[in-house]
1. State, to one decimal in nm, how far the label point of Glu72 lies from the label point of Ala50, with both points 7 Å from Cα in the Cβ direction.
2. At 1.4 Å probe radius, can you tell me the per residue accessible area of the chain in Å²?
3. Roughly to the nearest percent, how much of the accessible area of the chain is carbon and sulfur, given a 1.4 Å probe?
4. For the chain, just run the numbers: alpha carbon Rg, then divide by 2.2 N^0.38 Å, N being how many residues it has.
5. For the stretch 1-40, what D do you get in µm² per second when you plug the Kirkwood radius from alpha-carbon pairs into Stokes-Einstein at 25 °C and 0.890 mPa s?
6. Around His65, which amide H atoms from residues at least 5 apart in sequence, or from another chain, sit under 5 Å from its own amide H, with H modelled in the peptide plane?
7. Across the chain, how many lysine pairs, 8 or more positions apart or on different chains, have C-alpha atoms separated by under 22 Å? Please give the number.
Amino acid sequence: VLPVLNEADEIIGIITHKDIFKALIELTGYKNEGSRIVVVTSEDRLGIIAQISKALADHQINLTHIFVNRPENVIEITLQTTGPNSKNTQQVLEDLAYKTYDIT
């Protein structure tokens, strides 16, 4: 539990683990319809997100959410797109030489 303070340092509320979990679900688009694909890469370089989003846009795939996680020595980029066709999305990303998996 984390306290929420006003300008006078008075407690006006609390933030719980449930609040944080709810915010995480909203940020990742988990409740929204569509496809979720995870891109896995060990390369941390400038422009990866730009390259991915441009490739998806070039193939008329609408990207709605991006969530980046860095467990150990890899980078996992979770992408939420509109529409159920995750195979198209995976193919576009694999054509860019990214390893992917579908978590829809």
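The values are calculated or read from the model by the stated rules, or taken from the named source; none is laboratory data. Treat the numbers as computed from the prediction; the structure is a model and nothing was measured. Heads up, the Cβs are rebuilt from the backbone with ideal geometry, glycines too, and the neighbour counts pull from every protein chain shown. Ligands, DNA and RNA are stripped out before the accessible areas are found, and what is left, the full protein with its side chains, is counted by its heavy atoms. Shrake-Rupley method; radii C 1.70, N 1.55, O 1.52, S 1.80 Å.
1. About 3.2 nm separates the two model spin labels.
2. On the way: 7300 Å² over 104 residues.
Averaged over the residues of the chain, the accessible area is 70 Å².
3. Working: 3980 of 7300 Å².
Here carbon and sulfur together make up 54 percent of the probe-accessible area.
4. Working: Rg = 17.3 Å, N = 104, 2.2 N^0.38 = 12.8 Å.
Relative to the rule-of-thumb radius for its length, the chain sits at 1.35.
5. Values: Rh = 12.6 Å.
For the chosen part, D equals 195 µm²/s.
6. Gln80
7. On the way: Lys18/Lys31; Lys22/Lys31; Lys31/Lys87; Lys54/Lys87; Lys54/Lys99; Lys87/Lys99.
The number of close lysine pairs in the chain is 6.
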